[in-house]
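This report concerns only the one structure given below.
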Amino acid sequence: MGSTSTRTVVVLGSAYGGSRAAQILAAGIPEGWRIILIDRNSHTNHVYILPRLAVLPGHEYKAFIPNTKVFLLEDPTSKPHIRIQAHVTSITPYSLTLSKAFPEHGIPSTTLPFDYVIYALGSHLPRPLNLWASDPDVLTMTPNATIKDVHLPNYRGEKAEGVAWLSAHQKLIESSPTVLVVGGGALGIQFTTDIAAVHPTKQVTLLHSRDRLLPRFDEAMHAEILKTMETFSNIDVILGERLDLESVNEEPPKRNEKGQRVVRTVKGREIAADLIMLCTGQTPNTELLTAMDPATVNQGDKLAHVLRTMQLGVLPSSEAEALVDSVKPVPVIETDVPEPTHSTIVDPLELETALKQLAVADLEAASTPEEGSSSESTSEGLLSSDEETLVEPVLETPYPNMFVIGDAADAFGAIPAGHNAYYQGELAARNIIRLIKRSSGIEEPLELYKPGAPAIKVTLGLGRSVYQLEGNIGVSTDQPDDLHAAAIWAYYGIIVKNDDDMRA
């Protein structure tokens, strides 16, 4: 293990996309290769249930999933694949720099060479859910002593710290008589309805800049969400007005006679609240790529430019764009995914159902472009070869061994959502395996990615959710309080038989 003769594929990020890529690689990569999965967290953070667990006590530990079986191998010691906890401080086309060395794993220095890399570092979450921002400036409190004494603890990537952070966040909300939630994307909707449901005497205001919630989805989604919010006597909804951020940053901050913070919209409406939660501003985590080569990242939306193979590319020039019509169509192909060898993994269909039920509840995927998203649609998988052919305008890249998936990638209209990262991770991993096999004379065309129809699921308080999936709009009224947390643990190779199994 860790010898210099071993060839290496690095996967950066162990969330939905990165873990799935690592699993596909582990199932199909040839002998003599190792996979190194790197994440700054000790566990994988199950992001899609964090909004609920940041409000409702009792389930915090379920959001942090061990990676001890992440490769889905019957005997993890039979392969040289490893998962390490570290920060990546820089990257080049064939190496990266770690925050520490791992001599016990054959990594004697902080420099880690690789042959291929999958960049799955996602995005920086809005501040009310960013555990790494331990003192969120968006959580604006009254001088009331009860609230003033509530502090969010430092989070440095450990499960115990994450559990403590969520518990403190719950107390912060509980101690705030009134809450203003800014942003009518999925995250803002979920926070608004969860806070109102868990604390029925607390007044919650949702402020959204557009006249319609979730504008990229069917209007029936907007109608159902408003209809549900109207059943809460403690929810006020203000649509079509944007928060004036200057009022948030005023020094000294404006307060009313109750000590509440007072902010205003660009139309001049003043809103007072004890707690302000800015559920906007999710940004791709592409700083490492920008530092390596600024031409790989759009400096407007911060998304990495990728080919349909999910390989990292450089932003096309006008001359390259003019070549689109001269490029021959390339058929989209789809290959069978090698079956995982872990004997206790759930049925793949059940896993995909769990992903669609849980991971499509994208935190900020449905927000408007002004609120931090520029994408338009999500993926439900790959096109089969008899459905459509694609034209790839840029067939060459200076970085053929580097792949980018998930929130960090400008993936042809795919919104930043867990199920998109999952499918992109599968495709990137299969393409790496095909590239590796070319050294043995096995030539197979690389697969191309195309996002599918929009999909999303949004919780509307305890027990209720609304979803759009495969063109259908529906409402569920039997959602458990922990939002089926255990279902995603199986995706990481851990079968949960009772809640205590999730305390590891």
Could you list, in sequence order, the residues of segment 194-247 that are assigned to a loop (DSSP other than H, G, I, E, B), open to solvent by less than 50 Å² (accessible area, probe 1.4 Å) and either of a type in the set (Val, Ile, Thr) or in contact with a Gly (Cβ under 6 Å, 6 or more places away or on another chain) (or both)? 213
Residues in segment 66-84: is at least one closer than 22 Å to residue 121 by Cβ, open to solvent by less than 30 Å² (accessible area, probe 1.4 Å) and either free of Cβ contacts under 8 Å to residues at least 12 places away in the same chain or basic (Lys, Arg) (or both)? no
Select from segment 434-453 the residues that are assigned to a helix (DSSP H, G or I) and either in contact (Cβ under 8 Å) with a residue 40 or more places away in the chain or open to solvent by less than 10 Å² (accessible area, probe 1.4 Å) (or both) and list them in ascending order. 435, 436, 437
Taking the options 267, 227, name whichever one is within 19 Å of residue 466 (Cα to Cα) and modelled with pLDDT of 95 or more. 227
Please find, within segment 281-314, the residue that is surrounded by the fewest Cβ atoms within 10 Å (Cβ to Cβ) out of those that are in a loop (DSSP other than H, G, I, E, B) and touching a Gly at 6+ places or on another chain (Cβ under 7 Å). 281
Regarding residue 464, is this residue touching a helix residue (DSSP H, G or I) at 6+ places or on another chain (Cβ under 7 Å) and at pLDDT 95 or above? yes
Which of the residues belonging to segment 419-433 are within 15 Å of residue 22 (Cα to Cα) and either out of contact with any strand residue (DSSP E or B) (no Cβ under 6 Å at 6 or more places or on another chain) or open to solvent by 20 Å² or more (accessible area, probe 1.4 Å) (or both)? 421, 422, 423, 424, 425, 426, 427, 429, 430, 431, 433
If the Cβ limit is 7 Å and pairs must be 6+ apart or interchain, which residue in segment 259-280 that is more than 12 Å from residue 241 (Cα to Cα) pairs with which residue that is among the acidic types (Asp, Glu) and surrounded by 15 or more Cβ atoms within 10 Å (Cβ to Cβ)? 260/274; 280/371
Filtered residues of segment 287-300 (kept if closer than 28 Å to residue 213 by Cβ and modelled with pLDDT of 95 or more): 298
Taking only pairs six or more apart or across chains, which ones have beta-carbon atoms under 6 Å, a first residue in segment 222-248 that is within 23 Å of residue 272 (Cβ to Cβ), and a second residue that is in a helix (DSSP H, G or I)? 232/196; 234/196; 235/196; 235/229; 237/229
In segment 468-504, the residues that are in a strand (DSSP E or B) and touching a residue at least 12 places away in the same chain (Cβ under 8 Å): 468, 469, 473, 475, 476
Residue 128 passes all but one of the listed conditions (1) in a helix (DSSP H, G or I); (2) at pLDDT below 95; (3) open to solvent by 10 Å² or more (accessible area, probe 1.4 Å); the exception is number (3)
When residue 167 is run through (1) modelled with pLDDT under 85; (2) not in a loop (DSSP other than H, G, I, E, B), the failure sits at (1)
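The values are calculated or read from the model by the stated rules, or taken from the named source; none is laboratory data. Everything quoted here is computed from the prediction, not taken from an experiment. Counting neighbours? That spans all protein chains shown, and the Cβs are built from the backbone with ideal geometry, glycine included. All accessible areas refer to the heavy atoms of the entire protein, side chains included, with ligands and DNA or RNA removed. Shrake-Rupley method; radii C 1.70, N 1.55, O 1.52, S 1.80 Å.
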